[in-house]
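Each reported figure results from applying straightforward, stated rules to the coordinates on display, with no laboratory input. Keep in mind it's a predicted model, so treat the numbers as computed, not measured. Quick reminder, even Gly has a Cβ in these numbers, built from the backbone with ideal geometry, and neighbours come from all protein chains shown.
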Amino acid sequence: MRLQTHRDLNTMQRRLAQQNTALQHEVLARAEVEASLERLVAERTADLAHRTQALEESLTRLKIMIPSQDYERITLTIKAILDSENAAAAHACQFFALMGGAILYRHYGIQARPVFGAAFLMLDNVAKDVLSYGKMDSQGAIGSDANHYHAWLETDEYVIDFMAPIYGDAMRAKGYTKEVPRWMLQRRRSSLAPDAFQLRKQGDCLFMANETLSQRMLMDFLSVRMYQDLVRISTEWYRKPPEPMLALQTSSAGGQVRSMRIGRSILEGEW
């Protein structure tokens, strides 16, 4: 009887040991699951934070000053006028700024001042090519002058460049062979890069105003009667969408008749 009791006790001890081992394995398995869940939560949290930041940046960009169809209409209006004068629209940033500013004021009540200076835009995420307007001295300082500049429009909150959809045309004239998107550029000033060396991804941009150059260029531009006439024509011919814009004919002092017609839609997106 005592022998049987010892056998039962040994059997019970073995079963307890097995149960204890199984329990330890279960505890370890649960710990591994909890650790995996914690890693997954951390990864998802980091991914969510990244997505949230990207969404906030996108929403900031979406808070545009004027609708995209109006932006494109203004760009096409200015380009049509320049084309009628056989001007190189891709190298006429000052006309896009001056005429664009006049149209915004007359038809939208928006006071946007033309600004001259240096400008930089990251074109793609792979090659990290940067569109650059301006100059750099021997010390690495970035600036602009009457021979190295870009022109755009600024309000208290926004930067807008009506020439942006034809950046690619300007770059091809300089030998750049890659495709550049025909995108609009109207951005909150708070979304601009802090300096030209912190352009990280496609669409990152910086506009550096040169107040002295701006005053000089504006005075030179507005002192030319023909340029004044082009600005006046742009504001009188322009019509806000969806109102159609009819073809317009003008004549020069020498009697030469010029025809202007809005071109086809070119806008593909936004920087």
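Assorted remarks:
- Short to long, the 5 Å bins of the Cα pair-distance histogram for region 84-125 hold 5, 19, 19, 20, 18, 15, 4, 1 percent of all pairs.
- Each of Leu16 and Leu222 was given a label point 7 Å from its Cα along the Cα-to-Cβ line. The distance between the two points is 9.9 nm.
- Contour minus Cα-Cα distance for Met136 and Gln249 (0.36 nm per residue): 36.3 nm
- Taking 26 Å as the limit for the C-alpha separation, the pairs Lys174/Lys240; Lys135/Lys240; Lys135/Lys201; Lys79/Lys201; Lys178/Lys201 exceed it in the case of Lys174/Lys240; Lys135/Lys240; Lys79/Lys201.
- Along each principal axis, Cα extent of region 90-198, largest first, Å: 40, 31, 27
- Take the Cα of Asp124, step 7 Å toward its Cβ, do the same at Gln202, and the gap between the two points is 0.9 nm.
- Rounded to the nearest 10 degrees, the angle from helix 2-62 to the longest Cα principal axis of the chain is 10 degrees.
- Residue among Pro67, Pro181, Pro242 with the largest mean-square fluctuation in a Gaussian network model of the chain, springs linking Cα atoms under 10 Å: Pro242
- Electrostatic tally near Met163: other residues with Cβ closer than 10 Å to its Cβ, Lys and Arg +1, Asp and Glu -1, net -1.
- Remark: spin-label model distance Val41-Arg113 equals 5.3 nm, labels positioned 7 Å along the Cα→Cβ axis.
- Coil-residue chymotrypsin sites (Phe, Trp or Tyr not before Pro) of region 160-200, DSSP, other Cβ within 10 Å capped at 14: Phe197
- Each of Met65, Met12 was scored by other Cβ atoms within 10 Å of its Cβ. Listed from fewest to most, they are Met12, Met65.
- GNM flexibility winner over the chain from Gln186, Gln13, Gln249 (Cα, springs under 10 Å): Gln13
- Ranked by how many other Cβ atoms sit within 10 Å of their own Cβ, fewest first, the residues Ser84, Ser251, Ser144 fall in the order Ser251, Ser84, Ser144.
- Cα Rg, Dmax (largest Cα-Cα span) when computed across region 128-271, Å: 18.0, 53
- Stretch gain in nm, segment Glu85-Glu157, where the contour uses 0.36 nm per residue and the Cα spacing is subtracted: 22.6 nm
- Inter-part distance, region 189-219 to region 121-161, computed on C-alpha centroids, equals 6 Å.
- Per residue Cα convex hull volume in Å³ - calculated over the chain: 220 Å³
- On Cα atoms only, tilt of 68-84 relative to the major axis of the chain in degrees: 40 degrees
- Helical contribution to [θ] at 222 nm, DSSP H n ≥ 4, -39,500 (n - 2.57), averaged over the chain, rounded to 500: -16000 deg cm²/dmol
- Highest-first arrangement of 151-160, 199-208, where packing means the average Cβ count within 10 Å: 151-160, 199-208
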